[in-house]
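The block underneath contains the structure these notes are about, expressed in C-alpha cells.
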Amino acid sequence: MKSVLSVAVVAAALAAAGSAQETKPVPKDSVRVAVAGCTKGYVFTAGPRTIETPGNFEIREGMHLRMNGPKKVLNEIKAHEGSMIELTGLMKKGQYLDGVSIGGGIRVSPGPTGGGMSPAQGQIQIDVEGWRQLEGGCHTQ
C-alpha cells in the first residue's frame, strides 16, 4: 500500500513539473520579445533598456506597438496604466524594419496600398502573452 501511494505521489510531482511554465512554440515567421515600457489604451510605448530589462535591440525607445491579446490580459494591463511594465509576446519578424534607412534613425517606407486607410494600418503589432509590473512610473506627455 505504501509503495502504491509513493508511486502516485512521484507521478503527480513529475506531471506537475512537466506542465509548469509551458510556452507555446514560436511560429517560423515570428519572434518572442520582452520589452519594458508604458501603456495608454491599446498602445504600448517602449521605454529605455536597462540591465534588468535589456529588451530586443530592434525595438528602440519610444516605438509604439499595438497590443493584441486576450481581453482579460489587456484589461489587467490597462488597470496598471501609468506604471512601468514589461510585455512578453510574439511579433512578426521584420515588421518593425519596414522601409529603407536613410540615417539618423529615419526610415522611408512605401505608403498604404488600396482604397482606404484603417487606424491600425501600418502599426507594429504585438500579440501579448504575458506581462509583469516593473519599478518606476511613466512620463506623461
Selection from the range 23-45 of residues part of a strand (DSSP E or B) and not basic (K, R) yields S30, V31, V33, A34, V35, A36, G37, C38, T39, V43, F44, T45
Checked pairs for the range 63-82, first within 14 Å of R132 (Cβ to Cβ), second of a type outside the set (S, T, N, Q) and surrounded by 16 or more Cβ atoms within 10 Å (Cβ to Cβ), C-beta under 6 Å and 6 or more apart or across chains, list as V73/V128; I77/W131
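Readers should treat all values here as calculations from the given coordinates under stated rules, not as data from a laboratory. In this text, all values refer to a predicted model and were calculated from it rather than measured experimentally. In this analysis, Cβ positions are derived from the backbone assuming ideal geometry, glycine residues included, and neighbour counts consider all displayed protein chains.
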